[in-house]
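Below are the structure tokens for one structure; questions will follow.
The values are calculated or read from the model by the stated rules, or taken from the named source; none is laboratory data. Note that the structure is a prediction, hence the values are computed from the model and not measured. Positions of Cβ are backbone-derived with ideal geometry, glycine not excepted, and every protein chain shown enters the neighbour counts. In case anyone asks, the SASA skips ligands and DNA or RNA and just uses the protein heavy atoms, side chains included. Shrake-Rupley method; radii C 1.70, N 1.55, O 1.52, S 1.80 Å.
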Amino acid sequence: MHIQELILRLQRFWADRGCLIGQPYDLEKGAGTMNPLTFFGALGSRPWNVAYVEPSRRPADGRYGENPFRVYKHLQFQVILKPSPAKVQDLYIESLEALGIDLSKHDLRFEEDNWESPSLGAWGVGWQVVLDGMEISQFTYFQQVGGLDCRPVSAELTYGIERICMFLGGYDNIFDLVHGEVKTDDGVFPVTYGQMRQREEFELSAYSFEHADLDLHRHLFDAFEKEGWHLLNDLGHFLSAYEQALKMSHTFNVLDARGAVSTTERPGIIKRVRDLACGCAKAYLEHQEGAAAAAETAGKGGAK
Amino acid sequence: MSATKTFLLELHCEEIPARFLQPLADEFSTALSAWIQGQGLAAASLESFYSPRKLAWRGIGLPGSQPDQTDTQVGPPQRMCVGEDGQPTIQGLKFAEKWGVAFSAVRFEQPAGKKEPCAVVTITKQGRPTVDLLAEALPGLIAGLHVPKAMRWGSSEFEFVRPIRNILCLFGDQVVPITVDGVAATDSTWGHRLYHRQHPGPVRIPTPESYESALETAGVVVSVEARRTRIAQQLETLAAEAKGRVVADAELLDTLAEIVEFPKIVRGDFPVDFLELPKEVLVTSLREHQKSFCIEGPGGALLPHFLTAANRTDDPAGFVKAGNEWVLKARLYDARFFFAEDRKHPLSDRLEKLKALTFQRELGSYHDKTGRVVALTKALATKLSKDDEHIDRALEAARMAKCDLRTLMVGEFPELQGVMGGEYLKHEGAHEEVWMAVKEHYRPIGADDAVPSTPMGCLLSLCDKLDTVAGCFAVGLIPSGSKDPLALRRAGQGIVRILWERGWAFTPADLIAAGLRVVGTRATKPAPETTEALLTFFKDRVAYQLEQAGYAGSVRRSALAAGWEDLADLKARCEALSAFAEDVRFASLAQSAKRIGNILKDELASGDFDSALLTQGEEKVLAEHLGRLEATADQKALLGALAELAEPLEAFFNAVMVKCDDPALRAARLSLLHRLRQAFLRVADFSLWQ
């Protein structure tokens with residue numbers, strides 16, 4: 001199956017089951033969870049179903065486009081269901097069937113894999129979903145996000161798009177995957193993942209392992225942090241402040257891939273990202289509660 | 001008496017983490033069994049079941065209701081309850097009223113301890129139906145389970161290990177009406193997901209007794225033992241078909257039995273060229289990443305196949321095999337990448353990088369540790385060998401021992417520490433002694449593991465562990481009770497095992513001194529205090545070693561009490577004592593030894609005596625034996641000599657009165673016994689023999 005076909009089918013499937021179809025957030029990030037649609041969406045009591053694709057960057061996983069299985073940037077398909085439905089596992093299984101996986105012929109297992117993001121102050125419990133021995137999804141019941149308890153609890157489903165495509169097509173090399181076909185008057189031209197991304201993998205790996213300016217990144221990390229706290233504390237702006245936290249997180253990942261972060265430094269640096277993210281989460285909830293209270297007062301006023 | 005019934009409770013959940021299944025099943029069994037007893041009920045047996053989505057308990061032979069309980073109450077004397085007219089008095093009526101009976105039900109009897117007949121009533125408290133008691137108690141028992149990593153789901157505040165989706169609860173053929181977090185119990189449950197593709201509704205369980213068979217029909221083998229047995233059988237058959245045998249791994253077998261509801265073992269293959277990876281890397285990668293077993297050929301070399309468990313009955317399209325092969329190839333590709341990358345630089349390049357890897361806050365980095373282990377190795381190696389080249393190789397091994405902690409492969413598979421260092425050194429053409437020593441220096445990893453196979457490996461292992469133990473004690477990190485986060489006891493046990501098996505003449509005191517010398521100024525506790533704590537620690541380890549070696553309790557106690565620091569000597573004594581314990585003369589000797597102990601208890605006996613003072617034949621014989629005994633150096637011979645002493649000792653005690661009136665003779669006899677006891681104590685303290 002082509003990558004774009006897989007994405008389209010997942011979007012159709014989840015839209016049909018009452019999810020908003022969101023868009024990737026236009027900042028570098030390590031996982032779809034960091035998208036505000038999830039980070040803020042999982043907080044508070046408002047019902048929230050959303051699905052979207054998220055390109056996710058992991059600088060340390062870069063392999064210069066030479067490793068057939070590992071890449072600097074991959075695509076996640078992320079679904080948030082809040083509150084988690086009673087039949088959430090069945091829904092997920094149906095989504096696999098929508099991708100053409102005939103489960104009567106495969107081995108599907110849910111194996112314990114608890115998720116934690118120290119830089120988001122978030123954790124949950126759940127599974128890695130294993131199909132014929134391969135992890136194809138991460139399935140998490142969020143317990144905390146931004147240091148705050150999730151009430152109600154969201155279920156987060158994350159599909160590894162390239163992996164599933166490779167698996168379904170029996171590909172031995174990620175760069176051989178077909179993204180889709182370009183049709184022109186002259187004919188049909190399949191476009192591979194390699195054509196679209198291999199050079200990018202090379203350059204971004206080289207950047208994060210060799211060329212990224214360490215002093216610049218250390219400076220950036222501090223500057224983003226300062227900016228973030230200014231936005232949050234002085235203006236009460238949690239969305240723009242959260243963007244600074246995302247930038248800090250990516251900057252840290254680059255420094256880490258360059259081997260510039262020692263084991264002893266690491267927890268302290270992650271905590272600085274987490275503190276800002278948690279501050280944003282708290283401000284968001286306060287804002288939501290304030291808005292709800294205001295709406296209630298306005299409602300009462302109208303009735304009088 | 002009402003007929004007994006069987007109780008069944010099943011919590012059907014979303015997939016429960018394998019590691020929690022058995023603990024939860026056991027904990028609830030304990031709680032349930034305590035509750036049953038507390039209710040005055042009894043069950044013939046209580047068993048538990050679990051599978052990835054189920055936790056279940058079945059109690060056989062529970063009565064339909066609690067037994068009626070009778071209670072006898074004693075009231076005032078008869079004369080106060082019945083008037084002279086034979087009518088009940090107010091006091092009598094009040095007593096009957098208090099216990100809710102008519103006065104006619106009051107009897108008059110003289111209870112034990114009373115001087116006259118008193119009013120007595122027998123109250124019968126009717127037992128309640130078991131099903132009602134269960135219905136009341138179960139929700140609390142379930143909510144009271146201690147769940148190590150509890151979660152919430154949906155909009156509920158209820159916490160459990162994973163969401164509960166169905167409850168099956170029967171008492172006989174009757175549903176026990178309980179509700180937990182909005183889920184009401186029924187007489188039905190769910191089978192394997194694949195089964196329900198054709199059978200959409202839940203599976204009815206008509207009786208608790210038919211639980212396993214009904215579920216087996218629905219694709220679930222609910223007994224973990226049954227799953228384990230089936231897996232083991234399939235593994236064996238498939239390995240034999242591949243002309244090899246399974247590389248045994250009991251822990252992996254348990255894991256597989258816990259992650260499938262219906263086990264099907266599938267054999268897959270991987271490209272032959274991956275066999276160039278070290279065997280340990282393949283076995284670890286297959287186990288950690290794919291929960292798969294390796295197959296080895298007759299010579300012990302791996303075959304390019306693996307065995308893994310699928311959660312279904314078959315593999316009709318070959319997808320399970322193909323999928324696992326595909327994933328494994330990706331994993332092995334990674335392993336080969338690490339293996340190649342790591343070898344681009346000599347292992348020694350990592351020595352410098354160990355500076356950035358903390359061993360322990362006060363004790364510094366792994367680079368610091370390496371320095372100490374090298375120093376220790378030097379101190380001890382020079383006592384074991386005079387060959388300078390050999391000593392140099394031991395020092396080389398000590399320098400390289402921790403370098404693999406900075407390799408990619410050990411970063412990926414921490415359990416390959418040591419093994420990879422050894423493999424890389426081997427590839428670099430290091431001396432076999434050196435790479436073997438590095439490879440095995442973490443051994444013995446547990447009580448079941450062997451010590452390193454070479455003397456140099458043993459020395460390195462000993463020095464590494466000694467540094468860890470002495471260093472941690474010196475900075476106050478001493479294991480206590482069940483707390484031993486740094487596994488110092490295991491390290492200490494390893495040291496004792498190595499000394500025990502190698503027969504090296506280092507005493508714990510020697511080692512402690514050497515260990516503390518290299519820790520030097522990093523120590524935060526005074527050396528005498530640390531030394532004392534370490535001596536106690538090592539004595540416990542030695543005692544445990546004797547237990548592990550299988551000596552009887554009496555042998556261990558009496559041998560240890562006669563000295564524990566010289567391990568080779570202790571071992572010889574234990575061996576000799578164990579052999580001798582079977583000898584009929586031994587019981588008599590032990591008896592006499594105790595008697596000597598008792599006689600000498602309150603006496604001051606000097607060691608010297610004039611043998612000319614001894615008059616009786618029995619004591620003269622004894623004195624001759626003593627002379628021979630004291631001249632015998634060898635333990636075994638000494639025990640032989642002791643055995644021959646049994647009869648003369650017995651004769652001595654029968655004929656000779658030790659504490660006689662003549663003070664000089666008495667002193668001589670006491671001294672004779674004192675010297676005999678000293679001779680015994682060279683082997684064992686028989687007063688501790690039981």
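Exactly one condition in (1) open to solvent by less than 30 Å² (accessible area, probe 1.4 Å); (2) under 30 Å from residue A:91 (Cβ atoms) is not met by residue B:170; state its number.
Exception for residue B:170: condition (2).
To continue, here is another question. Starting from segment B:309-320, take each residue that is more than 7 Å from every other protein chain (Cβ to nearest Cβ) and list its partners that are among the β-branched types (Val, Ile, Thr) and open to solvent by less than 30 Å² (accessible area, probe 1.4 Å), counting only C-beta distances under 7 angstrom and pairs at least six apart or across chains.
Partner pairs satisfying both residue conditions: B:309/B:231; B:309/B:260; B:309/B:265; B:315/B:266.
This table checks each residue for (1) within 14 Å of chain A (Cβ to nearest Cβ); (2) small (Gly, Ala, Ser); (3) within 35 Å of the chain's Cα centre (by Cα).
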| position | (1), (2), (3) |
| --- | --- |
| B:171 | no, no, no |
| B:176 | no, no, no |
| B:179 | no, no, no |
| B:198 | yes, no, no |
| B:215 | no, no, yes |
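Given the criteria away from chain A (no Cβ under 14 Å), of a type in the set (A, V, I, L, M, F, W, C), open to solvent by less than 50 Å² (accessible area, probe 1.4 Å) and without any contact (Cβ under 8 Å) to a residue 24 or more places away in the chain, does residue B:101 qualify? First the steps, then the outcome.
On the way: away from chain A (no Cβ under 14 Å): yes; of a type in the set (A, V, I, L, M, F, W, C): yes; open to solvent by less than 50 Å² (accessible area, probe 1.4 Å): yes; without any contact (Cβ under 8 Å) to a residue 24 or more places away in the chain: yes.
Judged against the criteria, residue B:101 is a match.
Next up: Given (1) among the basic types (Lys, Arg); (2) in contact with a strand residue (DSSP E or B) (Cβ under 9 Å, 6 or more places away or on another chain); (3) open to solvent by 50 Å² or more (accessible area, probe 1.4 Å), identify the lone condition not met by residue B:312.
Result: residue B:312 passes all but (3).
At pLDDT 90 or above, within 14 Å of chain A (Cβ to nearest Cβ) and buried (at least 20 other Cβ atoms within 10 Å of the Cβ) - does that describe any residue in segment B:59-77?
The answer is no, given that none of the residues of segment B:59-77 is at pLDDT 90 or above, within 14 Å of chain A (Cβ to nearest Cβ) and buried (at least 20 other Cβ atoms within 10 Å of the Cβ).
What are the residue pairs meeting all of these: first residue in segment B:377-394, first residue farther than 21 Å from residue B:499 by Cβ, second residue of a type in the set (D, E, K, R) and part of a helix (DSSP H, G or I), Cβ atoms under 6 Å, and 6 or more apart or on different chains?
Short answer, once both residue conditions are applied: B:393/B:433.
Within the bounds of segment A:187-204, is there any residue that is in a loop (DSSP other than H, G, I, E, B) and out of contact with any His (no Cβ under 8 Å at 6 or more places or on another chain)? Don't jump to the end; show me each part of the working.
Looking only at segment A:187-204, we keep the residues that are in a loop (DSSP other than H, G, I, E, B), and these are none.
No; the residues of segment A:187-204 include none that is in a loop (DSSP other than H, G, I, E, B) and out of contact with any His (no Cβ under 8 Å at 6 or more places or on another chain).
Applying the selection to segment B:557-591, what residues are buried (at least 19 other Cβ atoms within 10 Å of the Cβ) and free of Cβ contacts under 8 Å to residues at least 24 places away in the same chain?
Result: B:560, single match.
Please go through segment B:428-473 and pick out each residue that is open to solvent by 10 Å² or more (accessible area, probe 1.4 Å) and hydroxyl-bearing (Ser, Thr, Tyr).
Within segment B:428-473, B:442, B:453, B:454, B:468 qualify.
Report yes if residue B:374 is more than 14 Å from chain A (Cβ to nearest Cβ), at negative phi, open to solvent by less than 40 Å² (accessible area, probe 1.4 Å) and among the β-branched types (Val, Ile, Thr), otherwise no.
Working: more than 14 Å from chain A (Cβ to nearest Cβ): yes; at negative phi: yes; open to solvent by less than 40 Å² (accessible area, probe 1.4 Å): yes; among the β-branched types (Val, Ile, Thr): yes.
Taking the combined requirement at face value, the residue satisfies it.
While we're on this one: Taking segment A:143-154 as the search range and keeping residues that are crowded, with 23+ Cβ neighbours inside 10 Å and in contact with a helix residue (DSSP H, G or I) (Cβ under 9 Å, 6 or more places away or on another chain), which one is nearest to the other protein chains (Cβ to nearest Cβ)?
A:154
Listed here are the residues, each with its yes/no results for (1) assigned to a loop (DSSP other than H, G, I, E, B); (2) open to solvent by 80 Å² or more (accessible area, probe 1.4 Å).
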position: B:499; (1), (2): no, no
position: B:504; (1), (2): yes, no
position: B:510; (1), (2): no, no
position: B:513; (1), (2): no, no
position: B:521; (1), (2): no, yes
position: B:533; (1), (2): no, no
position: B:540; (1), (2): no, yes
position: B:545; (1), (2): no, no
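Which residues, taken from segment A:75-124, are at the interface with chain B (Cβ under 7 Å from one of its Cβ atoms) and in contact with a Ser or Thr (Cβ under 7 Å, 6 or more places away or on another chain)?
Result: A:83, A:84.
For residues in segment B:197-218 being under 22 Å from residue A:97 (Cβ atoms) and at pLDDT 95 or above, which is most open to solvent (accessible area, probe 1.4 Å)?
So in segment B:197-218, the residues under 22 Å from residue A:97 (Cβ atoms) come out as B:197-202, B:218.
Checking which are at pLDDT 95 or above leaves us with B:202, B:218.
Numbers: B:202: 74, B:218: 0 Å².
For segment B:197-218, the residue satisfying everything is B:202.
Here's something else I'd like to know. Have a look at B:624, B:618 and point out the one that is surrounded by fewer than 16 Cβ atoms within 10 Å (Cβ to Cβ) and either touching a Phe, Trp or Tyr at 6+ places or on another chain (Cβ under 6 Å) or not in a loop (DSSP other than H, G, I, E, B) (or both). Break it down stepwise before answering.
Working: B:618 fails: surrounded by fewer than 16 Cβ atoms within 10 Å (Cβ to Cβ).
Just one listed residue meets the conditions, B:624.
How about segment B:58-168: which strands (runs of 3 or more DSSP E) wholly inside it have at least 1 residues that are closer than 30 Å to residue B:48 by Cα and in contact with a Ser or Thr (Cβ under 7 Å, 6 or more places away or on another chain)? Spell out how you get there, then give the answer.
Details: elements: B:69-77, B:107-109, B:118-125.
Passing ranges: none, list empty.
I'd like to verify a number: residues in segment A:40-61 that are under 20 Å from residue A:193 (Cα atoms) and either more than 13 Å from the chain's Cα centre (by Cα) or surrounded by fewer than 19 Cβ atoms within 10 Å (Cβ to Cβ) (or both), how many? Give the derivation first.
To start, the set of residues in segment A:40-61 that are under 20 Å from residue A:193 (Cα atoms) comprises A:52-59, A:61.
Pick out the ones that are also either more than 13 Å from the chain's Cα centre (by Cα) or surrounded by fewer than 19 Cβ atoms within 10 Å (Cβ to Cβ) (or both) and you get A:55, A:58-59, A:61.
The total comes to 4.
Could you give me the residue pairs with C-beta distances under 9 Å whose first residue belongs to segment A:192-205 and is of a type in the set (Lys, Arg), whose second residue is surrounded by 15 or more Cβ atoms within 10 Å (Cβ to Cβ) and not in a helix (DSSP H, G or I) wherever it lies, and which are 6+ apart or on separate chains?
So the pair list comes out as A:197/A:65; A:197/A:71; A:197/A:73; A:197/A:179; A:199/A:65.
Could you identify the single residue in B:246, B:281 that is surrounded by 17 or more Cβ atoms within 10 Å (Cβ to Cβ), within 29 Å of the chain's Cα centre (by Cα), away from every other protein chain (no Cβ under 14 Å) and at pLDDT 95 or above? Spell out the reasoning first.
Numbers: B:281 fails: at pLDDT 95 or above.
Just a single option satisfies the conditions, and that option is B:246.
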